[in-house]
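For reference, the structure discussed in these notes is given below.
The values are calculated or read from the model by the stated rules, or taken from the named source; none is laboratory data. Please read these numbers as outputs of a predicted model, since none were measured by experiment. Neighbour counts run over all protein chains shown; Cβ positions are idealised from the backbone, glycine included.
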Amino acid sequence: MKTQVGIIGGGPSGLLLSQLLDLQGIDNVVLEKHTRDYVLGRIRAGVLEHGFAGLMREARCGKRMDTMGEIHEGFYIAHDGTRDRIDLKGLTGGNSVVVYGQTELTRDLYEGREKMGGKVIHNANDVKPHDMATRAPYLTYHNGTGTVRIDCDYIIGADGFHGISRKSIPRDKIREYERVYPFGWLGVLSNTKPVSPELIYAKHERGFALCSLRSQTLSRYYIQVPLTDTVDDWSDDVFWAELKRRLPKDVAKDLITGPSIEKSIAPLRSFVAEPMRYGNMFLAGDAAHIVPPTGARGLNSAASDVYYLYHAMLDHYRNGDDSGLETYSEKALARVWKGQRFSWWMTTLLHSFPDSNPYDNRLQQTDIEYLLSSEKAMASLAENYVGLPF
């Protein structure tokens, strides 16, 4: 088999890039080791910056997002029993975010690929990139009966943190930066009316909490827990009781509880690999960088990678201009590191750290007080939250 662009990974990044390229007549193949149902079963964040929403529309996959997505023009920071609203629209000159579940977004992209007859191969086992540093890279995978080879001009590694793409780069050709946080998020999805029409980020001495939503009938809640905890340690009743403790009383009394339909614990990690290119293989999304979910940057940082790659490929195939490909890593990393800084700052601002001392706690409190007393500080938060320009 031969194609122009071989994409490893059938998550949102790989599917979005595939759809955009196909619309411009650039042939590509997506290899995904899991089934479609498995990919759609992954519950992930769903706060989309305006740039990402624009890419979905450009990919002709934004109809359901625009119909079902929740436009949010602000969110709340809860602390010391009170709530303060961050006016995203007012502080950014009219920008907002779209709350739309990643599962639904991925489903829309799959449907877009099907309508165009896109090549998405599931159950592609033992995918391997070869000869990435040459002008003739290729991919191999097992299809259950034998090994299949795909010759391509370029390889895109969009197969997540644990994927093969980054691991295939020689260790002396890549540098990794990492911080692992000493806690995780226990998340619960429930068929209940959200406690607030806008997200609530709550700082509490017992730990961080987040009130989020997928729709007006589907809520997503999180609490900070030690890394040693397991889902079995948290019954629904215990979870709801702890969540209420961490919320202002006026919010807690309105919280509607119900059986969880999904429950999981996600560890928090910051990670960046540099550069995001090796020869003719380019990394995108979680394959190259991870952020804590606190600032809603993970999926959005992946979208900016897709934006840069998409336009670089267009310039190459349409105009013979390789400048976008040559500068991809530099451009992508400049935005990635800004997202890293913002996510680190939000995480540090709102979480309880087990090794903090009274001095650290007082500084954290002062940081919140300063933020909420300064319009310029809130504007900086809002600018980053809605998404920096590509």
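Only one of Gly184, Gly160, Gly144 is under 24 Å from the mean Cα position of the chain (by Cα) and at pLDDT below 95; which? Break it down stepwise before answering.
Details: Gly184 fails: at pLDDT below 95; Gly144 fails: under 24 Å from the mean Cα position of the chain (by Cα).
On inspection, the qualifying residue turns out to be Gly160.
Which one is surrounded by the fewest Cβ atoms within 10 Å (Cβ to Cβ) among residues in the stretch 53-73 that are of a type in the set (A, V, I, L, M) and free of Cβ contacts under 8 Å to residues at least 60 places away in the same chain? Explain how you work it out, then say what you get.
If we filter the stretch 53-73 for residues that are of a type in the set (A, V, I, L, M), which is where we start, we get 53, 55-56, 59, 65, 68, 71.
Next, from what is left, pick out any that are free of Cβ contacts under 8 Å to residues at least 60 places away in the same chain: 53, 56, 59, 65, 71.
Working: Ala53: 22, Met56: 27, Ala59: 23, Met65: 19, Ile71: 13.
Taking the candidates together, the pick is Ile71.
Please determine, by comparing only the residues of the stretch 215-254 that are β-branched (Val, Ile, Thr) and either under 21 Å from Phe75 (Cβ atoms) or outside the structural domain of Pro197 (by TED's automatic domain parsing) (or both), which one is surrounded by the fewest Cβ atoms within 10 Å (Cβ to Cβ). Explain how you work it out, then say what you get.
Just the residues of the stretch 215-254 that are β-branched (Val, Ile, Thr), to begin with: 217, 223, 225, 228, 230-231, 238, 251.
With the extra rule that they be either under 21 Å from Phe75 (Cβ atoms) or outside the structural domain of Pro197 (by TED's automatic domain parsing) (or both), the set shrinks to 217, 223, 251.
Details: Thr217: 11, Ile223: 24, Val251: 21.
Among residues in the stretch 215-254 that are β-branched (Val, Ile, Thr) and either under 21 Å from Phe75 (Cβ atoms) or outside the structural domain of Pro197 (by TED's automatic domain parsing) (or both), the one surrounded by the fewest Cβ atoms within 10 Å (Cβ to Cβ) is Thr217.
Would the stretch 284-294 turn up any residue that is touching a helix residue (DSSP H, G or I) at 6+ places or on another chain (Cβ under 9 Å), part of a strand (DSSP E or B), closer than 25 Å to Leu48 by Cα and touching a residue at least 60 places away in the same chain (Cβ under 8 Å)?
The initial filter retains those residues of the stretch 284-294 that are touching a helix residue (DSSP H, G or I) at 6+ places or on another chain (Cβ under 9 Å), namely 284-294.
With the extra rule that they be part of a strand (DSSP E or B), the set shrinks to 289-290.
Subset that is closer than 25 Å to Leu48 by Cα: 289-290.
If we keep only those that are touching a residue at least 60 places away in the same chain (Cβ under 8 Å) as well, we get 290.
Taking every residue of the stretch 284-294 in turn, at least one turns out to be touching a helix residue (DSSP H, G or I) at 6+ places or on another chain (Cβ under 9 Å), part of a strand (DSSP E or B), closer than 25 Å to Leu48 by Cα and touching a residue at least 60 places away in the same chain (Cβ under 8 Å).
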Item checked: Filter result for Leu139 (more than 19 Å from Arg214 (Cβ to Cβ), within 21 Å of the chain's Cα centre (by Cα) and of a type in the set (A, V, I, L, M, F, W, C)) -> no
Check: In the stretch 127-146, how many are of a type in the set (Ser, Thr, Tyr) and part of a loop (DSSP other than H, G, I, E, B)?
Finding: 2
Item checked: Whichever residue in the stretch 10-27 is in a helix (DSSP H, G or I) and either of a type in the set (A, V, I, L, M, F, W, C) or touching a Ser or Thr at 6+ places or on another chain (Cβ under 9 Å) (or both) and, among such residues, is modelled with the lowest pLDDT -> Pro12
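For the stretch 341-370, how many residues are of a type in the set (S, T, N, Q), within 18 Å of Tyr385 (Cα to Cα) and without any contact (Cβ under 8 Å) to a residue 60 or more places away in the chain? Spell out how you get there, then give the answer.
At the first step, the residues of the stretch 341-370 found to be of a type in the set (S, T, N, Q) are 343, 347-348, 352, 356-357, 361, 364-366.
Add one more test, that the residue is within 18 Å of Tyr385 (Cα to Cα), and what stays is 343, 347-348.
Narrowing the set further to residues that are without any contact (Cβ under 8 Å) to a residue 60 or more places away in the chain leaves 348.
Final tally of qualifying residues: 1.
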Notebook entry, point to check: Restricting to helices (runs of 4 or more DSSP H) lying wholly in the stretch 303-382: which have 2 or more residues that are within 19 Å of Leu20 (Cβ to Cβ)?
Noted result: 323-326, 328-350
Note to self: When the residues of the stretch 157-194 are narrowed to those that are in the same structural domain as Gly10 (by TED's automatic domain parsing) and of a type in the set (S, T, N, Q), which ends up farthest from Leu16 (Cα to Cα)?
What the structure shows: Ser168
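Restricted to the stretch 263-283, and to residues that are assigned to a strand (DSSP E or B) and of a type in the set (A, V, I, L, M), which residue is modelled with the lowest pLDDT?
If we filter the stretch 263-283 for residues that are assigned to a strand (DSSP E or B), which is where we start, we get 263-274, 277-278, 281-283.
Then keep just the ones that are of a type in the set (A, V, I, L, M); that gives 265-266, 268, 272-273, 281, 283.
Working: Ile265: 94, Ala266: 91, Leu268: 95, Val272: 98, Ala273: 98, Met281: 98, Leu283: 98.
In this case the residue turns out to be Ala266.
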Item checked: Candidates Gly285, Gly279, filtered to the one that is closer than 30 Å to Met132 by Cβ, assigned by TED's automatic domain parsing to the domain that holds Gly11 and surrounded by fewer than 18 Cβ atoms within 10 Å (Cβ to Cβ) -> Gly279
Note to self: Can you find a residue that is acidic (Asp, Glu), in a strand (DSSP E or B) and under 24 Å from Pro12 (Cα atoms) anywhere in the stretch 72-95?
What the structure shows: no
Next item on the list: Pick out the one residue from Tyr307, Tyr317 that is under 14 Å from Leu388 (Cβ atoms) and surrounded by 15 or more Cβ atoms within 10 Å (Cβ to Cβ).
Entry: Tyr307
Checklist line | Condition broken by Asp126, with the remaining ones in (1) within 25 Å of Asn280 (Cα to Cα); (2) surrounded by 15 or more Cβ atoms within 10 Å (Cβ to Cβ); (3) touching a strand residue (DSSP E or B) at 6+ places or on another chain (Cβ under 8 Å); (4) not aromatic (Phe, Trp, Tyr) satisfied | finding: (2)
Note to self: If Asp237 meets every condition in (1) farther than 18 Å from Asp84 by Cα; (2) touching a residue at least 24 places away in the same chain (Cβ under 8 Å) apart from one, which number is that one?
What the structure shows: (2)
